[in-house]
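Engineer: Okay, handing you the structure first.
Computed from the coordinates by the stated procedures, all read-outs in this text should not be read as laboratory data. Here the structure is a predicted model, which means the values were calculated and not measured. Virtual Cβ from ideal backbone geometry, glycine too; neighbours counted across all protein chains shown.
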Amino acid sequence: MRIERLFNQLGYYRVVPVHSLAELLNLVDYGSVPFDLVVINASMARGELNLFDFFLDHPQVHHALIYGDDAPQSPPVSARGQQKIHVIGSAMPELPFIERSMAVIESRQPLVGTVISVS
């Protein structure tokens with residue numbers, strides 16, 4: 001809920017908080033509208049899913065922000081991967097970081113979908 005409130009402070013209200021990896025996978029795999037950004041705590045994957053590869057290859061996810069102490073080290077990737085997936089090792093993204101990230105995302109494409117927050 002904290003991440004959702006941060007997005008709300010910036011004027012983003014199409015935020016879908018989910019509470020499990022299964023919920024996230026269902027939304028992404030069966031959703032009809034692409035997601036502009038997925039924000040996920042790396043600990044949610046619990047080693048069950050390589051988040052970096054999943055988001056890099058998934059057409060329904062335009063951008064992903066993976067955070068937390070368990071956040072993977074970004075492997076060497078193409079410019080596409082560096083633009084699509086951001087990894088931070090902090091416990092939770094703060095408002096200035098989200099604001100900068102959304103400015104970059106909006107400059108690359110108009111927002112059409114929803115933000116998913118998984119914590």
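Engineer: Counting other beta carbons within 10 Å of each residue's own, what order do Y12, Y30 fall into, fewest first?
Structural biologist: Y30, Y12
Engineer: Still on this structure: Quick check on the exposure proxy: order M1, M44, M92 from fewest to most C-beta atoms within 10 angstrom.
Structural biologist: M1, M92, M44
Engineer: To continue, here is another question. Once the piece of chain linking L10 and M92 is laid out straight, how much longer is it, given 0.36 nm per residue of separation minus the C-alpha distance between them?
Structural biologist: Gain in length upon complete extension: 27.9 nm.
Engineer: Cut-off is 10 Å between beta-carbons; in what order do V18, V104, V38 appear when sorted fewest neighbours first?
Structural biologist: V104, V18, V38
Engineer: Separate question: Normalised by the number of residues in region 1-76, what is the relative contact order in percent for Cα pairs under 8 Å and 6+ residues apart?
Structural biologist: Relative contact order of region 1-76: 30 percent.
Engineer: Now for a different question. Which distance in nm do the two modelled labels at S43 and E106 give, with both placed 7 Å along the Cα-to-Cβ direction?
Structural biologist: For the pair S43/E106, the computed spacing is 3.2 nm.
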